[in-house]
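Derivation of every value follows stated rules applied to the coordinates shown; laboratory data play no part. Note that this is a predicted model, so its numbers are computed, not measured. Using ideal geometry, Cβ is built from the backbone for each residue, glycine included, and neighbour counts are taken over all protein chains shown.
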Amino acid sequence: MKKYIAEFIGTMVLVLLGCGTAMLVGCDSAYGCGYVLTALAFGLVIVGMAYCVGNISGCHINPAVSLGVLISGGMNVKDFIGYVFAQCLGALAGSGILVLIFDLGGVTDKTGGLGTNGLAGVNGSAMAGLIVEIVLTCIFVMTILGVTSKKADHGSFGGLVIGLTLTLVHILGIGLTGTSVNPARSFGPALVALITGNAAPFSCLWVFIVGPLVGAAIAAVVYKFLETNNDVMK
């Protein structure tokens with residue numbers, strides 16, 4: 001149960017600080033600093049949470065990461081289901097807190113929808129959005145599997161490497177899809193936005209669930225193949 005609570009907290013903080021930063025600074029292509037600040041916010045949350053709850057749950061805080069670990073043999077189906085449930089609840093909680101802060105404080109949401117993901121950057125193309133999310137998630141999850149491999153020797157810098165990689169994929173992806181690479185991060189804000197009267201983000205939510213899960217599965221299969229019987233690593 002403590003592992004699930006840790007995943008709930010980690011995902012809540014990710015949505016609260018990551019999406020909250022996007023809402024505050026905006027992600028308009030005319031203001032590149034908004035891209036960088038949002039990318040850094042998501043990446044730095046991962047760094048912080050890795051050293052906060054990483055020793056408790058592994059700090060997945062992302063169903064795609066959990067799927068990659070499951071396929072790689074690092075967790076069982078029961079824990080996978082528990083992790084995903086806790087992650088989605090955490091994303092909802094983080095989104096709910098953002099609604100309270102921005103509504104009570106009278107702060108303008110510069111993203112127009114709780115930092116939700118969308119397809120505006122790819123001209124509404126669901127296929128292009130899927131490709132973006134599959135590729136970026138594959139890169140991100142392969143990095144995680146490599147850093148956390150028993151054959152790896154990154155000392156205490158694993159969390160930093162993972163956080164910087166998430167920052168990197170955000171720098172490219174924000175202008176295209178808003179960068180999900182995390183179904184829970186997309187689900188929470190989209191559902192809360194729907195509840196509060198904005199149905200638009202929910203209509204393309206499937207892209208940001210399917211894309212990251214497919215990307216994670218590909219990453220797990222490819223990494224497992226590369227790592228198996230690799231004489232260089234022995």
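General observations
- For segment 208-216, Karplus couplings with θ = phi - 60° (6.51, -1.76, 1.60), whole Hz, Gly/Pro x: 8, 9, 5, x, x, 5, 5, x, 5
- Phi-derived couplings, Karplus 6.51 cos²θ - 1.76 cosθ + 1.60 at θ = phi - 60°, listed residue by residue for segment 126-131: 5, 5, 4, x, 4, 4 Hz, with x used for Gly and Pro.
- Distance between segment 40-88 and segment 155-223 - C-alpha centres, whole angstrom: 13
- Inter-probe distance in nm under a simple model that places probes 7 Å from Cα toward Cβ, at ILE97 and LYS150: 3.6
- Residue-wise HN-Hα couplings along segment 49-60, as the Karplus relation 6.51 cos²θ - 1.76 cosθ + 1.60 with θ = phi - 60° gives them from phi, are 5, 4, 8, 8, 10, x, 6, 9, 10, x, 6, 6 Hz; Gly and Pro carry x.
- Of LYS110/LYS224; LYS3/LYS150; LYS78/LYS110, pairs whose Cα-Cα distance is over 30 Å: LYS110/LYS224; LYS78/LYS110
- Normalised by the number of residues in the chain, the mean separation of alpha-carbon contacts (under 8 Å, six or more apart) gives a relative contact order of 30 percent.
- Shown is the FRET efficiency for ALA199 and ASN229, computed with R0 = 41 Å from the Cβ-Cβ distance and rounded to the nearest 0.05: 0.25.
- Amide hydrogen proximity for ASN62: with H placed 1.01 Å from N in the peptide plane, no residue at 5 or more positions away or on another chain lies under 5 Å.
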